[in-house]
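Asks: This is the structure I have questions about; it appears just below.
What follows draws every value from the coordinates through simple rules; no lab data is involved. Keep in mind it's a predicted model, so treat the numbers as computed, not measured. Cβ coordinates were reconstructed from backbone atoms using ideal geometry, including for glycine residues, and neighbour counts include every protein chain displayed.
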Amino acid sequence: MDLHLHLGEEGGLAEQIYAQLQERIRTDVLPAGTVLPSSRELAARLSVSRATVVAAYERLAAHGLIRSRAGIGTIVTGQRVSAPAAPTASPLQARAIWRTEQLAVPDLTADAAFDFAPGVPARTRFPFARWRALINDQLRTRTEVNYADPAGSARLRDALARHLGVSRGVRIAPEQLVITTGAQQAFDIAARILLEPGDTVAVEDPGYLPAYRGFLAYGARVVGVPVDSEGLVVDRIPAGTRMVYVTPSHQFPLGMPMSESRRTALLAWADRHDAAIVEDDYDSEFRFTGRPLTPLQAIDREGRVLYVGSFSKTLLPALRVGFLGVPATLAEAARRAKFVADYGTAGHVQAALAAFIEEGDFARHLRRMRRSYERRHHLLIGTLREYFADTLEPIESSGGTHMAALLTPGQPQDTVIAARALAEGVNVGTISRWGIERPGPNGFVFGYGAIPADRIPDGLAALRRVI
């Protein structure tokens, strides 16, 4: 039992011993029946005189908190102690932005029989046995126990750079990569190294709210820019914008890719206005039709693009591993920003992930999941057209792990239907909640990662009954 005594504190050592023991008895850290050290033993442990401990024990006994029992020693009686009155209010207040609903934490724990939540991979298809073996091997053989390079392990960055070059055509050196705690930290680092509070950031509207919230919390002025069938409307980006956030491979939440002409226009706009582009290339691994889309980073000739990805949707969200690729001129700043944020991502997870990529497990997993998601994608769109011909209009999508559908005019609000559906065991995303400056279109986002293929028709039938 450790107590912490301070020689100069008012009240003396006996008072400190009494107060600390009383607090532990009050909070059940020392429950009824606990045998306390003898006064001689505790005095030796605390390097104080035995008389000091005896004085503290006598005061506790006078309040009925402890008593002596022959053959056992001094025990806690279990008599309750009233808690000291808590202060009615603290003078400390969070910044106003943290008290707004814009930064409220959403409920991520919805439990439904039919889970169409977007952004969730097929957890049951993850190779848990192989991953456990890799993690166990790292825990058994790793000898590094100190802090490492905050930018991430050289081995993982090297493996990741090779993978991105082969699979996505991304031209990046390992030294330009920073391993992050998910994509959200990548957005945070991008803001830290490029933005001043009050700078303007343009995001897609409707768009990915976690990125929007991150830039907003940093102190940026975040504006929504409309999207159409070709993606972000470049001509609507406001003058003076310092950074543009986009999801060009699979616009979130609507699902269409950014056209080649729009990509070229965005890069030219960024060059004319001396702005940065944050490219969130989520879901790009899962494309089912048409030729692969070239990332903005791969066609950027001016060093304007910061490239973000994560393993949350390809493997598991719980891994909390993402990455940020930056132009060479920003590499050291990004490394320093990561160090300021958290000193580095878990080393044994990085090592296991590097082996997972190097030994071909990641590529094999992606191939399996691409086939599985393609089947679910076609089953979902076919069933939507069959069950909701007059109610929902699916938005064509060529890949990813979700698709969107708009409610036809005259239908109730998507949030109203979704709440009723959840009560019937169907969890579905709503497009309107992803609006930035105004509610998004009235419709649904159907994720097909969390729900097995054979459950999709029954889940949509349940939603049809609700509507």
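Asks: Quick one: if you take sqrt(5λ) for each eigenvalue of the C-alpha gyration tensor of the range 212-303, what semi-axes come out, biggest first, whole angstrom?
Replies: Values: eigenvalues 92, 49, 31 Å².
Here the semi-axes work out to 21, 16, 12 Å.
Asks: A follow-up question, please. On the first, second and third principal axes, largest extent first, how far apart are the outermost C-alpha atoms of the range 284-357 in Å?
Replies: So the extents along the principal axes, rounded to whole Å, are 40, 31, 19.
Asks: Relative to the Cα centre, what is the charge dipole magnitude of the chain, using +1 at the beta carbon of each Lys and Arg, -1 at the beta carbon of each Asp and Glu, and rounding to the nearest 20 debye?
Replies: 1120
Asks: Compute the distance from the alpha-carbon center of the range 22-42 to that of the range 225-251, in whole Å.
Replies: What the calculation gives is 63 Å, centre to centre.
Asks: Right, something else. For the range 126-362, state the average projected area of the convex hull of the C-alpha atoms over all orientations, rounded to one decimal in nm². Display every interim value, and only then the final one.
Replies: Numbers: hull surface 49.6 nm².
If you wrap the Cα atoms of the range 126-362 in a convex hull and average its projections, you get 12.4 nm².
Asks: Ok, one more. For the chain, take the longest principal axis of its alpha carbons; what is the angle in degrees between that and the long axis of helix 260-272, to the nearest 10 within 0 to 90?
Replies: That helix lies at roughly 60 degrees to the long axis.
Asks: Over every pair of different alpha-carbon atoms in the range 412-464, take the mean of 1/r and invert it; report that Kirkwood radius in Å.
Replies: 11.7
Asks: In which sequence would Glu23, Glu396 go, from the one with the fewest C-beta neighbours within 10 Å to the one with the most?
Replies: So the residues, fewest neighbours to most, are Glu396, Glu23.
Asks: Could you work out the relative contact order of the chain? I mean the mean sequence separation of Cα pairs under 8 Å and 6+ apart, divided by the number of residues, in percent.
Replies: 19
Asks: With a cap of 16 neighbouring Cβ atoms within 10 Å, and only residues DSSP puts in a loop, list the chymotrypsin sites (Phe, Trp or Tyr not before Pro) found in the range 328-383. Write down the numbers at each step before the final one.
Replies: On the way: sites: Phe339, Tyr343, Phe356, Phe362, Tyr373; in loops: Tyr343.
Passing both the DSSP loop test and the Cβ count: Tyr343.
Asks: How tilted is helix 182-194 with respect to the longest principal axis of the chain? Cα atoms for both, answer in degrees (0 to 90, nearest 10).
Replies: 90
Asks: For the range 371-467, state the average projected area of the convex hull of the C-alpha atoms over all orientations, rounded to one decimal in nm².
Replies: Hull-based average projected area comes out at 6.0 nm².
Asks: Normalise the Cα radius of gyration of the chain by 2.2 N^0.38 Å (N = residues in it) and let me know the number.
Replies: On the way: Rg = 28.6 Å, N = 467, 2.2 N^0.38 = 22.7 Å.
Normalised by 2.2 N^0.38 Å, the Cα Rg of the chain equals 1.26.
Asks: Still on this structure, I have one more. Computed over the Cα atoms of the range 111-215, what is the convex hull's projected area averaged over all directions, in nm²?
Replies: Values: hull surface 43.4 nm².
Average of the hull's projected areas for the range 111-215 equals 10.9 nm².
Asks: May I pose another question? With a cut-off of at most 16 other beta carbons within 10 Å, and DSSP calling the residue loop, which chymotrypsin sites (Phe, Trp or Tyr not before Pro) in the range 138-227 qualify? Please list them.
Replies: Tyr147
Asks: Related question: Counting other Cβ atoms within 10 Å, which trypsin sites (Lys or Arg not before Pro) in the range 235-340 have at most 16 and lie in a DSSP loop?
Replies: Counting only loop positions with at most 16 other Cβ atoms within 10 Å, the trypsin sites (Lys or Arg not before Pro) in the range 235-340 are Arg301.
Asks: Also: Please work out the C-alpha center-to-center distance from the range 160-196 to the range 370-397 and express it in whole Å.
Replies: Each part reduced to its Cα centre gives a spacing of 33 Å.
Asks: Indicate, rounded to the nearest 5 percent, the antiparallel portion of the DSSP beta bridges found entirely in the chain.
Replies: Here the share of antiparallel DSSP bridges comes out near 55 percent.
Asks: Related question: For the range 403-451 and the range 258-275, write down the distance between their C-alpha centroids in whole Å.
Replies: If we compute the Cα centre of each part, the gap is 31 Å.
Asks: While we're on this one: If you line up the long axis of helix 331-342 against the longest principal axis of the chain, both from Cα atoms, how many degrees apart are they, to the nearest 10?
Replies: Rounded to the nearest ten degrees, it is 40.
Asks: Antiparallel DSSP bridges in the range 193-295: what percent, to the nearest 5?
Replies: So the antiparallel bridges amount to about 10 percent of the total.
Asks: Viscosity 0.890 mPa s, temperature 25 °C: Stokes-Einstein D of the range 12-76 from its Kirkwood Cα radius, in µm² per second?
Replies: Approximately 209 µm²/s, per Stokes-Einstein.
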